[in-house]
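Inspection log for the structure reproduced underneath, given as structure tokens.
The values are calculated or read from the model by the stated rules, or taken from the named source; none is laboratory data. Every value quoted in this text rests on a predicted model; they were computed, and no experiment measured them. We place every Cβ from the backbone using ideal geometry, glycine too, and count neighbours over all the protein chains shown. In case anyone asks, the SASA skips ligands and DNA or RNA and just uses the protein heavy atoms, side chains included. Shrake-Rupley method; radii C 1.70, N 1.55, O 1.52, S 1.80 Å.
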Amino acid sequence: MSLDIGDRADAFVLHTLRCMGYSSLDAIAAATGAGSGDVESELIDLAVAGLVTRTSGPFGGWGLTDEGKAADARAIADELAACGALTAVTELYGRFEKLNPELLDACARWQTRTLAGATIANDHSDSVYDGRVLDRFASLNRRIAPVCDGLTVALRRFGRYRPRLAEALTRAESGAVRYLTDDTASYHSIWFQLHEDLLVTLGRPR
């Protein structure tokens, strides 16, 4: 059996959910790039194994159990050792860390504005202001791309992040403003998942 999590649907779904946190089926499917039916089948099998749990209802979703977190941690450690990727991922995480404060600042500027010395919510009525913030996101996206590429070379499961980030930015630039900070498929949400994935991979606390 391959130790590369990207080659194993069950392990990839489990790890994706670990990085996302409590999520809906559709969100998990979008993150993995697999069909909802296939992902649901994997989640049901993982639930039978006691690794995930599902809450029903309009706000229901899927989450990892303690056993699931432990199983994912073991799989990640085995994968990292088998692929010899520790040095590469550590170096690339350092590059990610340098960009992360810029991303957080860009998100804050997208959500709020300062007028007459007061901080107010950004209602996105000023296209010039929004355009400047979008330019910052575009710059960040250009600079995170080689980091994502390097991570994908080290561990193939990182390959979903670059296209997902690019898609979220394209949607925001096309006028769907929620795809920068206010949607489960937003640029900020995907960046957060990448950050979590790096921390989990390296065994570091947030």
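For the structure I just gave you, tell me whether R18 is open to solvent by 40 Å² or more (accessible area, probe 1.4 Å), more than 30 Å from N122 (Cα to Cα) and in contact (Cβ under 8 Å) with a residue 12 or more places away in the chain.
Working: open to solvent by 40 Å² or more (accessible area, probe 1.4 Å): yes; more than 30 Å from N122 (Cα to Cα): yes; in contact (Cβ under 8 Å) with a residue 12 or more places away in the chain: yes.
Yes, satisfied.
Given the conditions (1) in a helix (DSSP H, G or I); (2) out of contact with any strand residue (DSSP E or B) (no Cβ under 6 Å at 6 or more places or on another chain); (3) under 28 Å from R206 (Cα atoms), report the number of the one that V128 does not fulfil.
(3)
Looking only at the range 141-182, filter to residues that are farther than 20 Å from A34 by Cβ and not in a helix (DSSP H, G or I); which one of those is least open to solvent (accessible area, probe 1.4 Å)?
Ranking the candidates gives A176 first.
Checking D26 against (1) under 16 Å from the mean Cα position of the chain (by Cα); (2) open to solvent by less than 50 Å² (accessible area, probe 1.4 Å), which single condition isn't satisfied?
(2)
Can you tell me which residue in the range 94-121 is modelled with the lowest pLDDT, limited to those that are farther than 26 Å from D183 by Cβ and open to solvent by less than 80 Å² (accessible area, probe 1.4 Å)?
Among those residues, the one meeting the criterion is G117.
Residue by residue through the range 127-137, note down the ones that are loosely packed, with under 14 Cβ neighbours inside 10 Å and within 19 Å of the chain's Cα centre (by Cα).
Passing the criteria: none in range.
I need the full set of residues from the range 34-67 which are open to solvent by less than 50 Å² (accessible area, probe 1.4 Å), closer than 13 Å to L14 by Cβ and of a type outside the set (A, V, I, L, M, F, W, C), in order please.
E42, G50, G63, T65
Which condition breaks for F59 when tested against (1) under 25 Å from Y187 (Cα atoms); (2) part of a helix (DSSP H, G or I)?
Failed condition: (2).
Among the numbered criteria (1) open to solvent by less than 20 Å² (accessible area, probe 1.4 Å); (2) farther than 24 Å from A30 by Cβ; (3) touching a residue at least 60 places away in the same chain (Cβ under 8 Å), which single criterion is violated by A88?
A88 satisfies every listed condition except (1).
Cβ-Cβ distance below 8 Å, separation of 6 or more or different chains: which pairs start in the range 195-206 with a residue that is open to solvent by 30 Å² or more (accessible area, probe 1.4 Å) and end on one that is in a helix (DSSP H, G or I) and small (G, A, S)?
Listed pairs, sorted by first residue: G203/A73; G203/A77.
Which numbered condition in (1) over 28 Å from I28 (Cα atoms); (2) open to solvent by less than 30 Å² (accessible area, probe 1.4 Å); (3) in contact (Cβ under 8 Å) with a residue 24 or more places away in the chain is the only one that H124 fails?
The one condition H124 does not meet is (2).
Given L80, L103, L92, which one is part of a helix (DSSP H, G or I) and either under 30 Å from H124 (Cα atoms) or of a type in the set (S, T, N, Q) (or both)?
L103
I'd like the residue in the range 135-155 that is small (G, A, S) and in contact (Cβ under 8 Å) with a residue 60 or more places away in the chain and, out of all such residues, is farthest from E102 (Cα to Cα).
It comes out as A154.
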